[in-house]
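Read the structure below first, then the notes.
The values are calculated or read from the model by the stated rules, or taken from the named source; none is laboratory data. This one's a predicted model, so the numbers in the text were calculated from it and none came from an experiment. Cβ coordinates were reconstructed from backbone atoms using ideal geometry, including for glycine residues, and neighbour counts include every protein chain displayed. With ligands, DNA and RNA removed, areas are computed over all heavy atoms of the protein, side chains included. Shrake-Rupley method; radii C 1.70, N 1.55, O 1.52, S 1.80 Å.
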Amino acid sequence: MLLGCIADDLTGATDLSLMLSREGLRTVQSTGLPGDDLDLSEVDALVVALKSRTIPAADAVAQSLAAAEWLLAHGAQRLFFKYCSTFDSTDDGNIGPVTEALLKRLDAGFTIACPAFPATGRSIYQGHLFVNGVPLNESSMRDHPLTPMRDSDLRRVLQRQTELPVGLVAYADVDAGAITKAFQREQAAGIRIAIVDALQDAHLREIGKALVELKLVTGGSGIAIGLPAAYRDAGLIDTLTPPATSIAAPEGRGAILAGSCSAATRGQVAKAQEAGLPTLRIDPLEIAAGRLTPAAVIDWLVSQAADVTPLVYSSDDPDSVRAVQEKLGRDKAGTLVEDLLATVAAALPEKGFTRLLVAGGETSGAVVNALGVKALSIGPEIDPGVPWTRSRSGPDVALALKSGNFGAPDFFLKAWSSLA
Ligand code: ADP
């Protein structure tokens, strides 16, 4: 294994896995610490998905260090700490404390913090993060329920989370290709973590070249695009492996489970309905009243014609979700839906459904847990950030785990064509 990665959430881990595999590393993803039986013989990068973004900082540090220990014990030559491209965190962490702990564990003097991904609308200029052209603190992240981002200056944001000196490698150095020199300059000035500007994806590739010597890289999935070629050019890996254009999926039927209420997912549900897919709507109030059970949903799925892909969805518009949350409580409503979809998913392989498309980050986590799938091979990209995967433990299933807001409107219809 060349690169050991620690991601602070599940769909972020998938996004990173896809990026690395697209750029030529044979990548496997694991939910939590992998078992020692995971076959690493043809693996260049392993991405360990944690759920550590918003847990107490001490727990995030402990879990990240445990993952680092596992990765290092299994031969990782470099570590990558992956967080969200909108730098989701609070003044208590967890980006600063985890970075600090990993630097210490690796006895490393210096790293970067770079959530930039210009192709997906995340750019950094003079240390300020822009989301689709507006400063982070003016984007919808301003009102995020768990990690409201009220400052676009990542130096300030990160400096509030760590005692290590935070610096900046700004656009002028990046654009001039003087990045390694700038790293040396920052280090000489006592800087331990540098925010790095990036306005185009070409910058990410230039930055990648300068990251070869670093034992630790931290950032979003974008910063990963420059790493594989840079590692190959530096002789850390012999060859790059082209990504799969299709993935062999186990024989069986497909089903779609959507527990996301994000705009993109609601559009995808509407498009699937227009196209005539059989759909079943899940109402949290019906679950709470005991009138809708997992068994009923499973029966419905099994009773659909074998040549169509049924869709079970709880996706609803913000007003309806708010009304349900007022009646049940936000957490209760979420848990009812997640538990129901997870219980349904766990029963599906035995009923002949071996190809599952899941919409929603939390929903995906619940489904993967309930299935008992610990490790995933990464297959072809369906839409930016979302690959098909195949389980490497637990039941043999093909899974597409979609963060709610990802994917084109026809995602639920077109995803199936890249399964062999
Ligand atoms: P996303 O990736 O879009 O954020 P998630 O699955 O992470 O999607 O989060 C959606 C949350 O909303 C889950 O906890 C889910 O159970 C909950 N949820 C889904 N449908 C409803 C609904 N109709 N009413 C209330 N909560 C819902």
Which residue, SER377, VAL308, GLY365, has the largest displacement toward the positive end of the dipole of segment 253-418 when charges sit on each Cβ (Lys, Arg +1; Asp, Glu -1)? SER377
Can you pull the accessible area of TRP300 for me, 1.4 Å probe, Å² to the nearest 10? 50
Under 1.5 on a/c is rounded, so check that first for segment 108-265, then, if it is not, pick prolate when a/b is larger than b/c and oblate when it is not; a ≥ b ≥ c are the square roots of the alpha carbon gyration tensor eigenvalues. oblate
If you fit an axis through the alpha-carbon atoms of helix 10-22 and take the longest principal axis of the Cα set of the chain, what angle between them do you get, 0 to 90°, nearest 10? 70
Give me the angle, in degrees from 0 to 90, between the Cα long axis of helix 201-210 and the longest principal axis of the Cα atoms of the chain, rounded to the nearest 10. 50
First obtain the Kirkwood hydrodynamic radius of segment 253-418 from its Cα pairs, then insert it into the Stokes-Einstein equation at 25 °C and 0.890 mPa s, and state the resulting D in µm² per second as a whole number. 156
Rotationally averaged projected area of the chain (alpha carbon convex hull; nm²): 19.2
Could you grab the relative contact order for the chain? Cα pairs under 8 Å, six or more apart, rounded to a whole percent. 18
With springs connecting C-alpha atoms under 10 Å apart, model the chain as a Gaussian network and identify which of SER393, SER314, SER140 has the largest mean-square fluctuation. SER140
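How much accessible area per residue does segment 163-206 have, counting only protein heavy atoms and a probe of 1.4 Å, in square angstrom? Display every interim value, and only then the final one.
Working: 2060 Å² over 44 residues.
Roughly 47 Å² per residue, with all protein chains present.
Please compare each pair in LYS51/LYS332; LYS51/LYS351; LYS332/LYS414; LYS82/LYS209 to a cut-off of 22 Å on the Cα-Cα distance and tell me which ones are over it.
LYS51/LYS351; LYS332/LYS414
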Hull volume per residue for segment 59-154, using the convex hull of the C-alpha atoms, in Å³ is 113
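Relative contact order for segment 340-407: what percent, with Cα pairs under 8 Å and sequence separation of 6 or more? Write down the numbers at each step before the final one.
Details: 124 pairs, mean separation 23.6, N = 68.
Averaging sequence separation for qualifying contacts and normalising by length gives 35 percent for segment 340-407.
State, as an integer percentage, the relative contact order of segment 107-229 based on alpha-carbon contacts under 8 Å between residues 6 or more apart.
Dividing the mean separation by the residue count of segment 107-229 yields 36 percent.
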Pairwise FRET efficiency - ASP143 versus ALA202, Cβ, R0 = 30 Å, nearest 0.05: 0.35
Listed by chain and number, the residues whose amide H is under 5 Å from that of ILE382, excluding neighbours fewer than 5 places away on the same chain and using placed H, are TRP388
Please identify, among VAL302, VAL269, VAL166, the residue showing maximal mean-square fluctuation in a Gaussian network model of the chain using a 10 angstrom Cα cutoff. VAL302
In degrees, nearest ten, helix 330-347 long axis to first principal axis of the chain (Cα): 70
Quick one: what are the phi-derived ³J(HN,Hα) couplings along segment 368-383, Karplus 6.51/-1.76/1.60 with θ = phi - 60°, whole Hz, x for glycine and proline? 4, 4, 5, 5, x, 8, 9, 10, 10, 8, 9, x, x, 7, 8, 9
Using a Gaussian network model on the chain with a 10 Å cutoff between Cα atoms, which of LEU257, LEU40, LEU25 fluctuates the most? LEU40
What spacing in nm lies between the two simple spin-label points modelled at ALA108 and GLU350, each 7 Å away from Cα in the Cβ direction? 4.5
So how far apart, in nm, are the two label points at ALA189 and ILE55 if each is 7 Å from Cα heading toward Cβ? 3.6
Considering only C-alpha atoms, what is the centroid distance from segment 305-331 to segment 123-191, in Å? 37
Taking a quarter of the surface of the Cα convex hull of segment 3-233, what do you get in nm²? 11.1
Check: C-alpha center segment 208-223 vs C-alpha center segment 5-57, spacing in Å is 16
Let me know the shape class of segment 1-127, please: from the alpha-carbon gyration tensor, a ≥ b ≥ c as square roots of the eigenvalues, rounded when a/c is under 1.5, otherwise prolate if a/b is greater than b/c, or oblate. oblate
